[in-house]
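The block underneath contains the structure these notes are about, expressed in structure tokens.
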Amino acid sequence: MYAIIRKNTYDPGKLAQAGPALAEFQALHAAQPGYAGSIDVDTGQGQRLIVNLWHTEQHARAAMTVLLPHVQRLLGPLMAGPSQFLGAGEVATTDLPLQRQPPQRLGQPGHPSGSRRDATGTR
């Protein structure tokens, strides 16, 4: 799992009215291949620490290309300053339950086309 950590500073007045824009961006974000989740920590006075989780660094890079125009359109007007990149890398440990599993490959167990077993464990 790969994480990107940023600090965003929003205009508190604009943020208070930004529900639809934030929801639209989150839906776009969550629809990207390899998206594993986000943690958004409100540290007060419009400041947020954001941790975005991806299955791989490649997924994160591909999503960044797709999402950048949406960040500018939906989040840019809410910002009081530029987003600060704090760091990125492989997640060393987590105890978060993985709600979004990596996509199953065709033919793997768990994929609809994979081998199926009945309740006794036979095919």
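A short reminder: the numbers here are calculations on the coordinates, not readings from a lab. Source: prediction; values computed, not measured. Here the Cβ is made from the backbone with ideal geometry for all residues, glycine too, and neighbour counts use every protein chain on show.
A few remarks follow.
- Simple label model, 7 Å out from Cα along Cβ direction - Leu28 to Ala92, nm: 3.4 nm
- Phe85-Thr43 pseudo-label distance in nm [points 7 Å out on the Cα-to-Cβ vector]: 1.8 nm
- Counting every pair of alpha carbons in region 2-90, the share spaced more than 21 Å apart comes to 25 percent.
- Close amide-amide hydrogen proximity is noted between Tyr2 and Trp54, His55, Thr56, Val91, each under 5 Å apart and 5 or more residues distant or on a separate chain (H modeled in the peptide plane; Pro and chain starts excluded).
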